[in-house]
Amino acid sequence: MSIPSFAQLIIRVLGLPMPSLFNPLFHVDIRGSTLPVGAALELHLIAKGCYSSSDSDSGTLLDSGPVRIRTVRLMKCLGTLSEHEYLLVEFVSGHGRWPTVLGELRVERSYDPKRGNPIKKAAADVFRASSQSSALPAMSDEEPTPPKDTVTFTCNRHNASRDKVVFRYKFDEASAPSILDFLVAAAALNSHSPDYILPSRQCFWFAGMLLRVLLGGTNVDPKVSCGARGVLISPAFVPSSTDTVLDAEPVLAGRAGTFKKLFKIITKQEIDSLYDSEIKQACELKRAEVNERLEAPRRQKEAARAREETLREDAARNWAKAARDWAEVARLREEALQKASEDAARQAEASRAREEALLKVAQEAACQAEALAEENARLREEIARLKATGTERQGALPLAQ
């Protein structure tokens, strides 16, 4: 026995409230809740986003293995006036022969009488078509009735003892749809057919088409699945008139897609035709939309990491450029200082040379002045001598001379 199953047993023995094992898959307490299929899908996507973005160990069943469908049963309420049909889907988590059973989900289509009456509308349409009269314009032209496509969460096996199983299929682990596949399929059907139309888009159609989507490419032969005479046959897998299977009567009481032994409301051929032409593509588009939403946080993280890496690279380049610029500035400053020093040295050398030149000129001028003075003195001496010589020869000169 697995640990979660043993814990459930202890809780039941002690009489404690049983928490739903579906809670971690929807991030809220949904025990016993009934939700629209779209809301259930939104909650599951939010939960997947919360757990995928968490860095800590969640410690939930999400960690023990993929949550997948183990069995799907199509149920028919034979004891009711409408012979309502719905699906019961059992989900398990983990691998091997003893996976943890999470519980069952009941998914179905109905309508809210406060928001419209598809029975009256269908009756009015039939009356108008048969009588070619416009006596009921208000009733036949009223707004379509929106469906109530819902999922009901249960902890234990659903109590459907009064309802008949008209089809049961057990998936192997490799081919089993996940809970996300199930919710996407239900939401896709709701988006594809958003009106409750009694003749063509009622509970029979919703249950049979959803089962067809879940089975996908699985080759399920109702002639093999039924087992023995008297066992009810497949949901919407109504044998054609050429099939010699079990009873010769093509429509049996309680068979899926039938009403009160008389009317074949929906058939395998109709479901297969619509599935191949529209529903398969609608489910693929819905799954692509969901995948886009699930991938968006990862892409945002990758984009953020890329932006951060780009910023780091830009910062590194800027720092390197700044370092190069500072080095260039320092080099230019050093060269300017060296040039200024050299210019100052050259100016000092030029000043010294000028001073030496001036000194040399001054010395030369002094020498010239001294030579001139000496020459003047010599000339005066010569003149004096000449005067003295002339006086001796001619006598004394007059004072005027």
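For this structure, a couple of remarks:
- Extension gain for residue 336 to residue 31 (0.36 nm times residue separation, less C-alpha to C-alpha distance): 101.6 nm.
- Which listed pairs, of 76/268; 48/148; 48/170; 301/321, have C-alpha distances above 19 Å, in listed order: 48/148; 48/170; 301/321
- Amide H contacts of residue 167 (H built 1.01 Å from N, under 5 Å, at least 5 apart or other chain): 74
- Multiplying the residue separation of residue 46 and residue 110 by 0.36 nm and subtracting their alpha-carbon distance yields 20.4 nm.
- Each residue of the stretch 79-84 was assigned a 3J(HN,Hα) from its phi angle through the Karplus curve 6.51 cos²θ - 1.76 cosθ + 1.60 (θ = phi - 60°); the sequence is x, 10, 5, 8, 6, 4 Hz, with glycine and proline shown as x.
- Modelled this way, with points 7 Å down the Cα-to-C-beta line, the labels at residue 98 and residue 350 are 10.5 nm from one another.
- Phi-based couplings in Hz for the stretch 36-49 (Karplus 6.51, -1.76, 1.60; Gly and Pro marked x): x, 4, x, 5, 4, 5, 4, 5, 5, 5, 5, 4, 4, x
- Relative to one another, the C-alpha centroids of the stretch 84-125 and the stretch 166-190 are positioned 12 Å apart.
- The stretch 276-394 - accessible surface per residue (Å², probe 1.4 Å): 84
- Heavy atoms of residue 84 accessible to a 1.4 Å probe, total area in Å² rounded to 10: 30
- Close amide H contacts of residue 267 (hydrogens built in the peptide plane, cut-off under 5 Å, sequence separation of 5 or more or a different chain): none are found.
- Database remark: amide H of residue 110 closer than 5 angstrom to the amide H of 148, 149, 150 (H placed geometrically; neighbours at sequence offset of 5 or more, or on other chains; Pro and chain starts carry no H).
The values are calculated or read from the model by the stated rules, or taken from the named source; none is laboratory data. A quick note: this is a predicted structure, and the numbers were derived from the prediction, not measured. Positions of Cβ are backbone-derived with ideal geometry, glycine not excepted, and every protein chain shown enters the neighbour counts. To get the accessible areas, we keep the full protein, side chains included, count just its heavy atoms, and leave off ligands, DNA and RNA. Shrake-Rupley method; radii C 1.70, N 1.55, O 1.52, S 1.80 Å.
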